[in-house]
Each structure stands twice: as structure tokens, then as C-alpha cells.
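The values are calculated or read from the model by the stated rules, or taken from the named source; none is laboratory data. Remember, predicted model here, so these are calculated numbers, not experimental data. Cβ placement follows ideal geometry from the backbone for every residue including glycine, while neighbour counts extend to all protein chains displayed. Just so you know, the surface numbers come from the protein's heavy atoms only, side chains and all, with ligands and any DNA or RNA stripped out. Shrake-Rupley method; radii C 1.70, N 1.55, O 1.52, S 1.80 Å.
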Amino acid sequence: MNKVVLIGRLTRDPELRYTGSNLPVATFAIAVNRPFSNQAGEREADFINIVVWRKQAENCKNYLTQGSQVAIEGRIQTRSYDDQNGQKRYITEVIADNVEFLGSRNSSTNSNNMSATASKSAELTPYDFGGTPEPKGTDIDSNPYADFGASIEISDDELPF
């Protein structure tokens, strides 16, 4: 089974090309943090080449920029070619079947925006969202259905994931 799932940030804007049969293909690289620190206590990252085809390639070119956070689902592919000196070179890349747009570079720098900090939720605690979390319990005087039937507004910017 050849299946890859990655979450990272684009290291450069996607590059869109078209094949001879007018099939769109986009390429870009993402930086993926390693789950451990090196001996100096610093987190390192791997830089992984991504290839996206068809309509999804055009969407990546139109909506992603350097620093955008994405989730990639796909497969690893290795190909080879002979360079100018006749030496065989190998390229390993991920062929993306699915690209999920998770956030932009700008939203990750706005610490007052809860949707931005939610993209880093694996590193955060409830205290990072503005102080002590409210206690959850059973308050007999509160009515959880008091606003039943009232309209509410929900936008994608407020989702915690």
C-alpha cells in the first residue's frame, strides 16, 4: 500500500503548467515539521515536493501562496533521469490525490483570531485562547435550551479545525 498524509506549509507559490494534451499540473513544495527536536533542541522540517493534476492543480495555483497551510493525501512516486554529465538522478515526490486548504500564512500570524490559533491546536492548551477556561459542570439555574429556535451565524473562520 502506498499512501501518504502530510500537513505542512508551502515553501513557494505553486507553479502551474500544461502538458502537450492541455492537462493542468501544478508543482510546489511543503515544509513538514518533524515530531522531535534535534540535539540543539530545535525542531527541524522536511521539504517535500508535491505534484497535483487537473482541476485541483488550477485551484492550488489560484488559491494557495507561499506560507499557506495544506493537508495532502496521495502517494509517493520515484522517477529517474540522466543529468548533463550522464549520471542517473532520482526524484521522489508526492502525487496528491487530495489537497485540503487549511489556512493562509496571514491567518497564522494573527494571534487574536481563534480560527488562526486553531490551526496550531496540537501545540495549544485551553489557556492559550485567552486565560482560564470556563468550568464545565451542571449549573441547575442555567437553561441550555433558553435560546432554542434563535438564529445563529456560523462561518468557516470560526471553526476550530
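The table that follows gives values for the structure above.
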| read-out | value |
| --- | --- |
| Qualifying positions in region 43-62 - surrounded by 13 or more Cβ atoms within 10 Å (Cβ to Cβ), within 17 Å of residue 101 (Cβ to Cβ) and not hydrophobic (A, V, I, L, M, F, W, C) | 56, 58, 59, 61 |
| Residues of region 10-22 satisfying the condition of being open to solvent by less than 70 Å² (accessible area, probe 1.4 Å) and modelled with pLDDT of 95 or more | 10, 11, 14, 16 |
| Single residue of 4, 32, 52 found to be touching a helix residue (DSSP H, G or I) at 6+ places or on another chain (Cβ under 7 Å) and of a type in the set (Val, Ile, Thr) | 52 |
| Strands (runs of 3 or more DSSP E) fully within region 7-79 counting 3 or more residues that are under 15 Å from the mean Cα position of the chain (by Cα) and touching a residue at least 40 places away in the same chain (Cβ under 8 Å) | 43-53 |
